[in-house]
Amino acid sequence: MTDFSHLRAITLDLDDTLWPVWPTIHRAEKAMGDWLLVNAPVTAALFSDPVARQKLRDEVLAAHPHWSHDLSALRLEALRQALHRAQEDVALAQDAFGIFYAERQRVDLFADAEPALAALSARYPVLALSNGNADIHRVGLSTYFVGSVSAQSCGVAKPHVDIFHAAARSLNLPAHEVLHVGDDAELDVLGALDAGMHTAWVNRKEHTWSHPRTPHLTVTTMLELCSVLGIAV
């Protein structure tokens with residue numbers, strides 16, 4: 001069994017680790033779509049077609065590969081392009097994105113998330129480490145975190161080792177003294193292993209592990225993680 005006595009901090013993924021992300025995204029896209037329907041109806045029709053919407057996003061990414069780590073920039077540019085093609089006011093893109101972004105911060109936590117966060121943050125400094133654009137302050141969880149590192153702020157996304165190393169630097173710790181916790185096998189676990197961190201895979205849906213290298217820990221809930229680390233909740 002792995003000895004975790006040397007651990008001095010935790011980096012923690014957000015989407016699908018602390019809350020299910022797709023219900024949040026779908027709700028945010030609907031709110032934005034409803035707003036567009038009133039303010040830019042031709043653009044709203046384009047965004048209501050999932051095939052057309054994905055094609056537009058793919059085109060934006062192909063034109064701006066340097067934004068591959070920045071989901072907000074990609075979404076905002078897709079809105080601008082859609083408004084331009086619809087011959088509607090491109091300046092509306094910022095307001096439409098604002099509607100999306102505000103709703104994107106309204107998350108429904110897994111039942112175990114906040115009790116586990118409270119327990120973990122009482123023992124360790126906890127740093128948010130995410131590819132997404134959730135804001136720990138706006139979602140109401142900032143009290144449990146010492147800070148956050150995002151793909152947008154770092155300039156690269158998980159599983160690139162640089163984002164994990166940036167997180168370790170933010171904590172003023174070597175990578176091997178940090179435990180990274182997340183739900184995605186490749187983005188979280190393999191990326192953190194490459195960076196020299198310890199890893200905990202939060203496997204809520206009991207997927208089968210299919211990679212030669214394995215996480216140091218596999219748990220089905222955040223509360224189970226606390227238990228394995230010997231932290232009372």
Reported set for region 199-220 where residues are surrounded by fewer than 17 Cβ atoms within 10 Å (Cβ to Cβ), of a type outside the set (Asp, Glu) and either more than 19 Å from the chain's Cα centre (by Cα) or within 15 Å of Ala116 (Cα to Cα) (or both) is Arg204, His207, Thr208, Trp209, Ser210, His211, Pro212, Arg213, Thr214, Thr220
Among the candidates Asp3, Asp13, Asp49, which residue alone is on the phi < 0 side of the Ramachandran plot and surrounded by 20 or more Cβ atoms within 10 Å (Cβ to Cβ)? Asp13
Filter pass, Ala151 being of a type in the set (A, V, I, L, M), in contact with a Lys or Arg (Cβ under 8 Å, 6 or more places away or on another chain) and surrounded by 20 or more Cβ atoms within 10 Å (Cβ to Cβ): yes
If you take the residues of region 54-75 that are in a helix (DSSP H, G or I) and of a type in the set (Asp, Glu), which of them is surrounded by the fewest Cβ atoms within 10 Å (Cβ to Cβ)? Asp58
Does region 96-114 contain at least one residue that is in contact (Cβ under 8 Å) with a residue 24 or more places away in the chain, touching a Leu at 6+ places or on another chain (Cβ under 7 Å), assigned to a loop (DSSP other than H, G, I, E, B) and within 21 Å of Glu186 (Cα to Cα)? no
Of all the strands (runs of 3 or more DSSP E) wholly in region 137-209, which have at least 3 residues that are farther than 16 Å from Arg8 by Cβ and modelled with pLDDT of 95 or more? 147-150
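Those residues that are of a type in the set (Ser, Thr, Tyr) and either touching a residue at least 60 places away in the same chain (Cβ under 8 Å) or at positive phi (or both), I need them from region 188-228; list them, please.
Thr221
Would you tally the residues in region 115-134 being outside any helix (DSSP H, G or I) and under 25 Å from Glu224 (Cα atoms)?
Count: 10.
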Residue pairs qualifying under the 7 Å Cβ cut-off, at least six apart or on distinct chains, with the first in region 135-147 being acidic (Asp, Glu) and the second being surrounded by 15 or more Cβ atoms within 10 Å (Cβ to Cβ), are Asp135/Gln105
Just to verify a result, which residue in region 181-198, among those that are of a type outside the set (A, V, I, L, M) and farther than 18 Å from Leu223 by Cβ, is surrounded by the fewest Cβ atoms within 10 Å (Cβ to Cβ)? Glu186
Taking interchain pairs and intrachain pairs at least six residues apart, which have beta carbon atoms under 7 angstrom, with the first residue in region 10-27 and farther than 16 Å from Leu223 by Cα and not assigned by TED's automatic domain parsing to the domain that holds Phe100 and the second of a type in the set (Val, Ile, Thr) and surrounded by fewer than 20 Cβ atoms within 10 Å (Cβ to Cβ)? Asp15/Val21
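The values are calculated or read from the model by the stated rules, or taken from the named source; none is laboratory data. Just so you know, these numbers come straight off a predicted model, no measurement behind them. When we count neighbours, we look across all protein chains shown, and the Cβ atoms used for this are built from the backbone with ideal geometry, even at glycine.
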